[in-house]
Each structure stands twice: as structure tokens, then as C-alpha cells.
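The values are calculated or read from the model by the stated rules, or taken from the named source; none is laboratory data. Values in this document were obtained by computation on a predicted structure and should not be read as measured data. Note that we place each Cβ from the backbone using ideal geometry, even for glycine, and neighbour counts take in every protein chain shown. Ligands, DNA and RNA are stripped out before the accessible areas are found, and what is left, the full protein with its side chains, is counted by its heavy atoms. Shrake-Rupley method; radii C 1.70, N 1.55, O 1.52, S 1.80 Å.
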Amino acid sequence: FRGQVRQRPGGLAFLGTTTDDHMGYFTARFDSGNEYSILLTLDDFVRISSGAWSVVAANVFTGTTNDYFAAKVINNKFYCTQGVDDLRSWADGAGSTVDVTGAPGGRAIEDFADRCVLGHIRDSGTTYPQRVQWSVSGDPDTWTGTGSGATDLLISPGGIMNMLRVRS
């Protein structure tokens, strides 16, 4: 289930973490075996630490209550996006998150062919609802160079809402 949203029976209350609206709740499992509950709010990146919620990165998001997050663990990093801000990553247990240099924001995220793939792109303030953009193979932190790219799915009747890798 790496990087996927899953429902937890019970769980800790979100009380006291933030006054912001909660825009995404994820459970991320890393190759180390570490598993984290992650809460993304309008402004903050929050995780469970020693049984309590703690803010990892404050005031890093600028979306509204209409901008829900998509997230995925790819190559042992947690990536999140909500279509307003650029793609952010968080390494297993790191003290903060980082903007992925050169990466756009998107409303959907998936890993495919050893790449990070985003859909419904927002780049330099312009939204491309039918665009899919991907990183260099094997390096989700590199968005320019051989193997990276983008395409517009112009025959689609609307914007990309979600993406799912189909396996045979």
C-alpha cells in the first residue's frame, strides 16, 4: 500500500495540531519499515512523532478548501501536491519538507515506469487541466533532462481528476 491513502481503525485525534482545515490524511510506509501518519492542512505538513502530532513544515502550502492533496511514496520519499503549490517531498524521518526544484504542481500523482507522473498541471501560475508531466526515469526529483517530459491529452473531455497505474 506504499504511498496510498488507507483508513485506520481508531487512531489519534487531530486535536491540537492546527486550526487549519485538514486537506489530506495519508499513511506512508518506507523501505526502512518506518510508517508515518501524515496530515496535510491548508498551510502545514504534520506527522505523528512519539505518539503526538508535530508540525514538520509550517506555512508551506497556499491552497484553499477546494484544493485536496494527492500523495505517493516514490523511491523512498513521500511526495505531495494539491494543484496550487509546486511538488513537495519529504524523506523518511527528515526534519522538514522541500520543494522539488523544477517540478510543477498537479492535482494527481502516480509512479509509472520508475518516474513520478503528475496530472492536471499548474506551472508558473498557469493551469493545464489536461496535461500529464513526468520526471526523469529513476529520479523523481529531476524534471528536466533526458527522459522527462509532458503531453497534453487534448481529446479528453475535461481535466485530469486522478491517475491510477493499471497492472496486468
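Values for this structure:
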| item | result |
| --- | --- |
| Number of positions in the range 52-72 that are open to solvent by less than 50 Å² (accessible area, probe 1.4 Å) and closer than 16 Å to ASN162 by Cα | 5 |
| Qualifying positions in the range 88-138 - in contact (Cβ under 8 Å) with a residue 40 or more places away in the chain, in contact with a strand residue (DSSP E or B) (Cβ under 8 Å, 6 or more places away or on another chain) and hydroxyl-bearing (Ser, Thr, Tyr) | SER89, SER96, THR97, THR127 |
| Filter result for the condition that a residue is open to solvent by 20 Å² or more (accessible area, probe 1.4 Å) and hydrophobic (A, V, I, L, M, F, W, C), over VAL136, VAL100 | VAL136 |
| Qualifying position, being more than 17 Å from LEU164 (Cα to Cα), touching a Pro at 6+ places or on another chain (Cβ under 9 Å), among the small types (Gly, Ala, Ser) and open to solvent by 60 Å² or more (accessible area, probe 1.4 Å), among SER89, SER124 | SER124 |
| Residue in the range 36-44 that is polar (S, T, N, Q), over 26 Å from ARG167 (Cα atoms) and either at pLDDT 95 or above or in contact with a Cys (Cβ under 6 Å, 6 or more places away or on another chain) (or both) present | no |
| The range 139-168, subset among the hydroxyl-bearing types (Ser, Thr, Tyr) and open to solvent by 50 Å² or more (accessible area, probe 1.4 Å), residue nearest to ASP114 (Cα to Cα) | THR146 |
| Residue in the range 52-70 that is touching a strand residue (DSSP E or B) at 6+ places or on another chain (Cβ under 6 Å), of a type outside the set (A, V, I, L, M) and within 23 Å of TRP134 (Cβ to Cβ) present | yes |
